[in-house]
Amino acid sequence: MKPSSFKFCGALLIAALLFASCGDNRPLNFKEQANGEATASLPDTNNAAERIIIKTADITLDVDQVESSVQQFQELVNHMQGHVFHYELQNEKQLQQEVQQSQDSLLQITSIQPGAMMKIRVPAQNGEPFIAAVLKMNGRIENFMFDENDVTEVITEKKELMLTDARLSAEKKTTTKDRLQQIEAPTNESFIRRKADYAKMNYQSKNLWFDIRLKGKKYTIQQISARTPDLQIPFTVRAATALQNGWYGLSLLITTLLNLWPLFVIAMLLLLLIRKFPFSAFKIFKDNAGSQHRLPNTKH
């Protein structure tokens, strides 16, 4: 075979391979594009980025200085574009004792537990950096709790009900213009309530909500105060009180006797009957009892 024939066969073979490769690639691209479109039309509900989640966290820290720690949190929240919407500082008195130092002075010993409470809102995208910064702060973590509440279905239901209320309200109108106005701004109560709930949950899902509790170190304070002298009641006041109590006791006795007047009446009637009839059955019974025990006569 001539060399030109070899060259011609090699050119045909290369052309055939190139044609086959181009034919295989075109259907594959179309198939991947179709799969991509199907995937885009059906979002994956397992993906957390496509779900509506309300995230909350509760952190309790033991710190040395409560006031300085509050300032650090304020600076951190401002850096994270958040907001502190609740402050609370307290010095709780946990133990208090009084010791008499002298006749007219007392030593008061009080144990104080300083603390603070803050409610913080941080944008969702800055939630993890904020938690990492809190963990690096000076202080011992006593409690840390993180919670996620998936409200995707709840918000979807409220949105659908809200649109249904708007549609039903619009159907009550007669003209097309009135219907469009009713859909844009319905005024029924259920629509307004569901719209408010939907807006609230949607707003909450865009932020991370923290409850921060700070506990400082306990300390004691000692304070000397004047002792209140023991006061005695004057004699005139005690005598007046005794007279009042005595009169009150006598009135109780008289009232009790008045409540027993039927018994006194019965007793008086019995005494009258005994005096009027001296030979009563009781006396006869007494005589008979005495005769039974009489000794017999022994004289003949």
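The values are calculated or read from the model by the stated rules, or taken from the named source; none is laboratory data. Since the model is a prediction, treat every value here as computed from it, not as a measurement. Cβ sites come from the backbone with ideal geometry, for glycine too, and all protein chains shown count toward neighbours.
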From Ile155, Ile141, Ile112, grab the single residue that is closer than 18 Å to Gln204 by Cβ and under 26 Å from the mean Cα position of the chain (by Cα).
Ile155
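At pLDDT 90 or above, more than 22 Å from the chain's Cα centre (by Cα) and more than 30 Å from Arg227 (Cα to Cα): which single residue out of Leu76, Leu61 fits that description? Even if it seems obvious, please write down each step before you answer.
Numbers: Leu61 fails: more than 22 Å from the chain's Cα centre (by Cα).
Leu76 is the lone residue from the list that is at pLDDT 90 or above, more than 22 Å from the chain's Cα centre (by Cα) and more than 30 Å from Arg227 (Cα to Cα).
Applying the selection to the stretch 170-219, what residues are in a loop (DSSP other than H, G, I, E, B), modelled with pLDDT under 80 and not β-branched (Val, Ile, Thr)? I'd like the intermediate steps shown before the answer.
Within the stretch 170-219, the first condition is being in a loop (DSSP other than H, G, I, E, B), and the residues that meet it are 172-175, 185-188, 205-206, 216-218.
This time we only want the ones that are modelled with pLDDT under 80, so: 172-175, 185-188.
Hits for the stretch 170-219 are Lys172, Lys173, Ala185, Pro186, Asn188.
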Going by the conditions given, is Lys119 basic (Lys, Arg), assigned by TED's automatic domain parsing to the domain that holds Ile221 and loosely packed, with under 11 Cβ neighbours inside 10 Å?
no
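Using the structure shown, decide if Gln244 is surrounded by fewer than 11 Cβ atoms within 10 Å (Cβ to Cβ) and touching a strand residue (DSSP E or B) at 6+ places or on another chain (Cβ under 8 Å). Talk me through it step by step, then tell me what you get.
Numbers: surrounded by fewer than 11 Cβ atoms within 10 Å (Cβ to Cβ): yes; touching a strand residue (DSSP E or B) at 6+ places or on another chain (Cβ under 8 Å): no.
When the stated conditions are applied, Gln244 does not pass them.
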Only one of (1) modelled with pLDDT of 90 or more; (2) of a type outside the set (D, E, K, R); (3) under 22 Å from Lys217 (Cα atoms) does not apply to Leu95, and that is (1)
